[in-house]
Amino acid sequence: MTAQQIRDEFTKFFVKHGHKALPSSSLIPDNDSSVLLTTAGMQQFKPYFLGEKDPQEIFGGKRVTTIQKSFRTSDIDEVGDFSHLTFFEMLGNFSFGDYWKKEAIDLAIEFLTKHMGLSSDRLWATVFPGNGKVAKDTEAEKALLRYLPQTHVLAGSEKDNFWGPAGSSGPCGPCVEIYVQLAEQAKGGPNTSRDFVEIWTLVFTEYNQDAGGKLMALPQKNIDTGLGLERLAMVVQNKPHIYATDIYEPIMAEVMKLPGFGDSGESDVNARRARVVADHLRAACFLLADGVRFSNKDQGYILRRIVRRAADQFMVVEFSFDKVVDVVVKHFGHSYPELVKEHAAIVKLLNSELNQYRKVLELDVNALVHKMRKGQELHQADGGRPGPSHMRLSADEAFTLFTTHGLSLDRLERLGFTFDKAIVEEKIIGHQALSRAGATKKFGGHGLNDADLESKYTADQIFTMKRLHSATHLLHAALRKILGPDVKQSGSDINPERLRFDFSFSQKLTDDEKKQVEDLVNEKVKADLPVSFEIMPFQKAI
């Protein structure tokens, strides 16, 4: 089966079983501040799990199914092996207070065996083993044993078999993880060998965890499942790794034409590097299509990191990703039309970022380190001639190369430098936290209620600030009208003397563009437009 046939079969199967098929939400979560990007299919449904919204009213039923665009960086160092990705498609079925564990397991096993053609002898599962708060999941274990041999249903771990909220609080519960045995004579069991691949997680969402870790029963019991399309395709298509499936085959073919990859074979280290490029560029295309823009914070930082990490796989400076982008758009555009719509913008923004990063790729890092050490003798790991392949960096040096010169840790490693990566990453995280705190202070905005305003400012000052508040919205609208939808607000600061509006855009504004923005804002001010507000449901407002 092709990946598209798997997508179609999954949706058709769950629609037949009473689920309403819904579109994927954006990779930028619109109702979940606990994560930067959408990491699972359940995120758009958190209000329904919590009982805050009625699925019957919104969807016409209590069962839905999606194919969700998802993005995770937790396994970024594993990308390029046989089963790990940053961006992936998550096939999911959800129940809001309708069916429970037995039916969820029935549906999963039926789909895998009768519709995907997998023998039940190849399926293994792990269940929640229990802890001091929640008992062992004997209900799920019993349901699984109706299909699988007793030796194939194992007690898992609390870490893997209790699906918790991505942030500090939220819906959660025990889960079943379903694995497929890849080799005929498998060694060990799930989570102990490459002879198995995890493909489907069935989460029994019955608790809400508060910020202190306390579990409280939800008003209803819910089902939340996630089946990785790429891994399922690997199994169904009988491929040795996900990059050999029809999902990645055309992308890999184009990547292998890029400088430095053409002569590599499957056993060559270049093959792994090529897979990193393929994964990261596909991921970047989807992030850009959903409105993420390059920056040094939040989603923009993740986008920048994966694109520069892809660029770090090259030892030459001159290369282009245009044709890889063309293949991604052509290959996935039918399922995700936003890629087609944003094709030109994706190419333009990627090239702009690469042109900036080429200045980093051209740096003589060895000379930079010499300069940092003021000509001191380089520490040589093997006593040989000083040079990148012999250089041990201190954590402070690696951190400076990252923050001051833009050299990623991946790039430094690619050039042969060694350093204590864990310590450097701690320094980077601390640096980013300080930057965020500074930005919050700098762009603290005007989020004060009337009582707060009246305690700090006079009536005339408050009136001025309210006018400036309206002006920020007019300015934002004008910038988007003149420059296009790439403009994203990054913050604002208002006081009685002036307003400040911070926004991201891919290039410097020209004087003519500034004049057009100014004229449009003044035109709307003079038009004396009516101002009103209306309370409406969130989805309608969006």
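The values are calculated or read from the model by the stated rules, or taken from the named source; none is laboratory data. These numbers were taken from a predicted model, which means no experiment stands behind them. A quick note on method: Cβ atoms are made from the backbone with ideal geometry, for glycine too, and the neighbour counts reach across all protein chains shown. Side chains are part of the model used for accessible areas, which takes the heavy atoms of the whole protein and leaves out ligands, DNA and RNA. Shrake-Rupley method; radii C 1.70, N 1.55, O 1.52, S 1.80 Å.
A few comments on the model shown:
- Computed on region 1-123, with alpha-carbon pairs under 8 angstrom and 6+ residues apart, the relative contact order is 25 percent.
- Unit charges on C-beta of K, R, D, E only; dipole of region 319-379, Debye: 180
- Sequence-distant aspartates and glutamates (8 or more away, or on other chains) whose Cα lies within less than 12 Å of residue 341: 290
- Membrane-span-like helices of the chain, defined as complete DSSP H segments with a Cα extent of 27 Å or more along the helix axis and a mean Kyte hydropathy of at least -0.5, are identified as 269-289, 421-442, 459-483.
- Just the protein heavy atoms count here, and of the accessible area of region 451-519 at 1.4 Å, carbon and sulfur take up 48 percent.
- Averaged over its residues, the chain has an accessible area of 49 Å² per residue, based on protein heavy atoms and a 1.4 Å probe.
- Residue among 419, 489, 283 farthest towards the positive dipole end of the chain, charges placed on Cβ: 489
- When the Cα positions of 79, 99, 151 are compared along the charge dipole of region 68-179, 99 comes out farthest toward the positive end, with charges on each C-beta of Lys, Arg, Asp and Glu.
- Which listed pairs, of 297/514; 69/421; 257/323, have C-alpha distances above 19 Å, in listed order: 297/514; 69/421
- Computed about the Cα centre, the dipole magnitude for region 67-119 is approximately 180 debye when only Lys and Arg (+1) and Asp and Glu (-1) carry charge, each at its Cβ.
- Using θ = phi - 60° and Karplus 6.51 cos²θ - 1.76 cosθ + 1.60, couplings along region 147-152 (whole Hz; Gly, Pro as x): 10, 10, x, 4, 5, 9
- The charge dipole of region 150-266, taken about its Cα centre with unit charges on the Cβ atoms of Lys, Arg (+1), Asp and Glu (-1) only, comes to about 260 debye.
- For region 63-79, backbone phi angles converted through the Karplus equation (6.51, -1.76, 1.60; θ = phi - 60°) give residue-by-residue couplings of 10, 9, 9, 9, 10, 9, 5, 9, 9, 9, 9, 4, 10, 4, 6, 8, 4 Hz, Gly and Pro being listed as x.
- The residue among 6, 522, 37 whose Cα reaches farthest toward the positive pole of the charge dipole of the chain, with charges on the beta-carbon of Lys, Arg, Asp and Glu, is 522.
- Remark on region 83-239: hydrodynamic radius 16.1 angstrom, per the Kirkwood mean of 1/r across alpha carbon pairs.
- Theoretical ellipticity at 222 nm over the chain - DSSP helices of four or more residues, -39500 (n - 2.57) apiece, nearest 500: -12500 deg cm²/dmol
- Of the peptides 473-483, 200-210, the order by per-residue mean of other Cβ atoms within 10 Å, starting with the highest, comes out as 200-210, 473-483.
- Cubic angstrom per residue, convex hull over Cα atoms of the chain: 203
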